[in-house]
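The block underneath contains the structure these notes are about, expressed in structure tokens.
We did not get these values from a lab; they are worked out from the coordinates using the rules stated. Small disclaimer: the values here were computed from a predicted structure and weren't measured. Methodologically, a virtual Cβ is constructed for each residue, glycine included, from the backbone with ideal geometry; neighbour enumeration extends over all protein chains shown.
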Amino acid sequence: MTSGTKRLLGMAVALLAVGAFPTAASAIPVLANGQGGVDCSLCHTAPPNLNAYGRYILATNLSKGLDAHLQMMENKQFPVALEVTANASNQPDPTLPKIYSDLVQFLSAGYLGPKMTYYASVPVEEGGFPSTAVDQVWLAYNGFSNGNGSVQVGKFPTPIFAPWMSQSLSLAGYGLAGMPVGLNDSTIGDNRWGVSYTQTGAKGLVGNVAYLTNSGATEQAFDNDVDAGGEGEAWSGSLQYMEPMSHLSGGVAAMSGTYPLPSGANDNYTREAALVAYSGRRYDLMAMGLLGHDGNPNDGATGAAQSHGFSFETIYGPLAWMHVNLRYETMDDGLGTVTNNYIGDLVFSLRPNLVFTVEDLASVGATPAISYQLLWAGPWFRGRSPAHEVSSTAGAAASAPSSPAAEVAAGAKIFGANCSACHGADGQGGVGPNLHGIATRMTDAQTVHFIEHPAGSVMPKFYPGVLNAQQVKDVAAFVRSTFS
């Protein structure tokens, strides 16, 4: 057995051992514990892939759809999570040995104050911590435009469809997001240093403008010297429709930038992109297109290049613990290189936060690449999430309230801990719909049924899961009596 094989097996055994113990929350605790210990399905189709609700939260810098008070309570208790992955893949040349790798990184996120959110993911690399370049680290002030405007500063995913591309289900990621053109390898999928402004509008509209510099280490954040790893600067803008309760979403985006070349000249480039997605009960469909222009991609060795590409993807979940991801993508860099990829992934959620993925990436004229990944994400400290008003065990014994008034009182606490982040403390809506008038539209039994079996693919299924049968009845009684 080779040292690489032993290393991968050791990592896999460690991950399985960690996953065998109960955790305080099913999703990454820095966000899930702060929401009352919610399940992964609130934000993910299958981790790490985001659903419509999760994409909306990420696109608004965590400022929409999360309970600020609960997140701040979580942050008093050192909100650090750990993510560990073990990977193996074959070489394009079958005579070469397989490639083994692993990654460990610390994650932390949430609210620092009522109007301040943050996110940090810092890899641990062999030879020291932290690594030479953080993956992401940013702060956002969310107090502009009556809470609908947010300024983000730090290192973050280029805000061109980042909620879709930065949390990919496939191991290969999106070819369009990482397509270089000549010497210019500054792509729309980079995590780059900069500042951005996000405006949340009515009906699910989210607009963004951003100024971006480099993707490297902190000390090179604003260094545009090509010999020191500089990547020039760029401006980007996007307008997206991301109403979480809608099956349809998408948007348009553009980027204009300069990339420094060895001669001292620049490659002036533009990128334009469009995306449309549809989310069904058990499936997601997405199509994305990209156009590009580079004025000097090879430092004078070639002329200008017109690049383009598009991709089609479907994610289907026949079972809650298994998802199939299929994607076709084609890319033309405008310099004579055309790449066609056929990507298939089979994803098994062994536990909500322990995921095993097998991928086949086939390219025309190349040997198929078979890759495997085992991913675990969990708390740094277990059982230290804030005290919840509601039991997080679906089957927990609970004595029935002795009167309708007692049901309403119990339901008020459950609503505040589990429902108000989306529907608003006053029921007027937000991410979720307005609940006022529900008593005239639904009976007691219909309200209970909706909580147990929500329509669409966004609202989490609270039963069985977070709430037991009596708690569902209580919150239904509160909603019908309060928002009549």
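If R0 is 51 Å, what FRET efficiency do you get for residue 342 and residue 151 from their C-beta distance, rounded to 0.05? All intermediate terms of the calculation are to be shown ahead of the outcome.
On the way: r = 41 Å, r/R0 = 0.80.
Result of the calculation: an efficiency of 0.80.
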* Asked: Label residue 219 and residue 248 with points 7 Å out from Cα along Cα→Cβ: what is the distance between them in nm?
  -> 5.2
* Hull volume in cubic angstrom per residue (convex hull over the Cα atoms of the range 3-379) -> 140
* Structure fact -> Among 115/155; 115/473; 64/203; 203/413; 64/473; 98/155, the pairs whose Cα-Cα distance exceeds 23 Å are 115/473; 203/413; 64/473; 98/155
* Debye log10 I(q)/I(0) for the range 121-163, one point scatterer per Cα, at q = 0.17, 0.28, 0.34, 0.35 Å⁻¹ -> -0.62, -0.98, -1.08, -1.10
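Net charge within 14 Å of residue 61 by Cβ-Cβ distance, Lys/Arg positive one each and Asp/Glu negative one each, not counting residue 61 itself? Mind showing how you got there, number by number?
Values: positive: 55, 64, 115, 155; negative: none.
Counting the neighbours of residue 61, the net charge comes to +4.
For residue 256 and residue 321, compute 0.36 nm times the residue count separating them, minus their Cα-Cα distance, and round to one decimal in nm. Walk me through the numbers before you get to the answer.
On the way: separation 65, 0.36 × 65 = 23.40 nm, distance 4.12 nm.
Additional length available on full extension: 19.3 nm.
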* To do: With N denoting the number of residues in the range 211-308, provide Rg(C-alpha) divided by 2.2 N^0.38 Å, to two decimal places.
  => 1.39
* Express in % the proportion of alpha carbon pairs of the range 307-386 at distances exceeding 14 Å. => 71
* Between the range 134-150 and the range 69-96, what's the alpha-carbon centroid distance in Å? -> 23
* Asked: Which value in nm describes the separation of the simple spin-label points at residue 444 and residue 125, placed 7 Å from the Cα toward the beta carbon?
  -> 6.3
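Treat the count of other C-beta atoms within 10 Å as a stand-in for reagent exposure and order 193, 235 from fewest to most.
On the way: 193 24, 235 13.
Listing 193, 235 from fewest to most nearby Cβ atoms yields 235, 193.
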